[in-house]
Amino acid sequence: MKRTLALATLVVLLLPVALAAKDSKDSRDSRNTLVRFEGGIGVIPVSSGVGTDPTATTVNRNIVRGVQPPGQIWVIADLSANVKTDGQIRVDGRGLLLGGGNGIGTNASQSVFATLICEATAPFVEHSTPTSPGVALAPNGDFHIDDVLSPAPPATCASPVLLIRSAAGTTHPWFAAGIPKRDNDD
């Protein structure tokens with residue numbers, strides 16, 4: 001009984017200290033955070049079609065801030081990203097897979113990298129993790145990026161867009177985008 005009481009007293013006394021240390025770390029981390037993203041949007045390569053018949057003869061590609069889409073739909077189950085003021089970026093993605101075509105439901109043996117764009121209008125500056133070799137998608141489409149953006153992002157990012165892009169080829173199309181998390185979203 002005495003041992004249980006002593007242990008309970010110790011927990012009660014140390015709990016506030018542990019919580020204060022966690023709050024201090026969280027506030028330090030949030031002070032250094034430039035922008036966060038919670039949730040993801042997969043790419044639909046065509047944003048609209050023009051024509052009166054059922055098959056559009058002209059399409060508008062889903063270009064985001066100058067970055068081309070791929071030729072096929074991609075889906076993403078979840079995405080979480082944190083970009084620090086020094087350019088350090090951590091991205092956790094789940095289920096980035098083809099959403100159409102003969103390879104539907106596969107990762108198409110892709111590797112990816114992340115690009116942050118802060119400008120709402122051109123000219124756009126791409127702040128990216130290394131494209132080569134990129135980060136290989138797991139068979140289920142999961143990936144983790146822990147790297148530094150280059151060039152370093154600006155001190156403020158008023159209109160953030162985070163794109164997850166193909167590391168293959170020369171155009172590096174985007175497969176998914178992060179959903180910005182605003183301070184008042186907590």
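FYI, it's all coordinate maths here, none of it is from the lab. Everything numeric in this text was worked out from a predicted model, so none of it was measured. All Cβ positions, even for glycine, are placed from backbone atoms using ideal geometry, and neighbour counts span all protein chains on display.
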Going through segment 81-98 in order, the residues found to be in contact (Cβ under 8 Å) with a residue 60 or more places away in the chain and of a type in the set (S, T, N, Q) are Thr85, Gln88
Going through segment 117-139 in order, the residues found to be in contact with a Gly (Cβ under 9 Å, 6 or more places away or on another chain) and either in contact (Cβ under 8 Å) with a residue 60 or more places away in the chain or in a loop (DSSP other than H, G, I, E, B) (or both) are Ala122, Pro123, Phe124, Glu126, Leu137
Quiz item: Can you find even one residue in segment 139-156 that is within 23 Å of Ile44 (Cβ to Cβ), surrounded by 15 or more Cβ atoms within 10 Å (Cβ to Cβ) and more than 14 Å from the chain's Cα centre (by Cα)?
Solution: no
Of the candidates Gly95, Gly169, the one satisfying the condition of being within 21 Å of Gly71 (Cβ to Cβ), surrounded by 13 or more Cβ atoms within 10 Å (Cβ to Cβ) and out of contact with any Leu (no Cβ under 7 Å at 6 or more places or on another chain) is Gly95
The correct count of residues that are surrounded by fewer than 17 Cβ atoms within 10 Å (Cβ to Cβ) and part of a loop (DSSP other than H, G, I, E, B) in segment 172-185 is 1
For Val161, the lone unmet condition from (1) buried (at least 21 other Cβ atoms within 10 Å of the Cβ); (2) more than 24 Å from Ala77 (Cβ to Cβ) is (2)
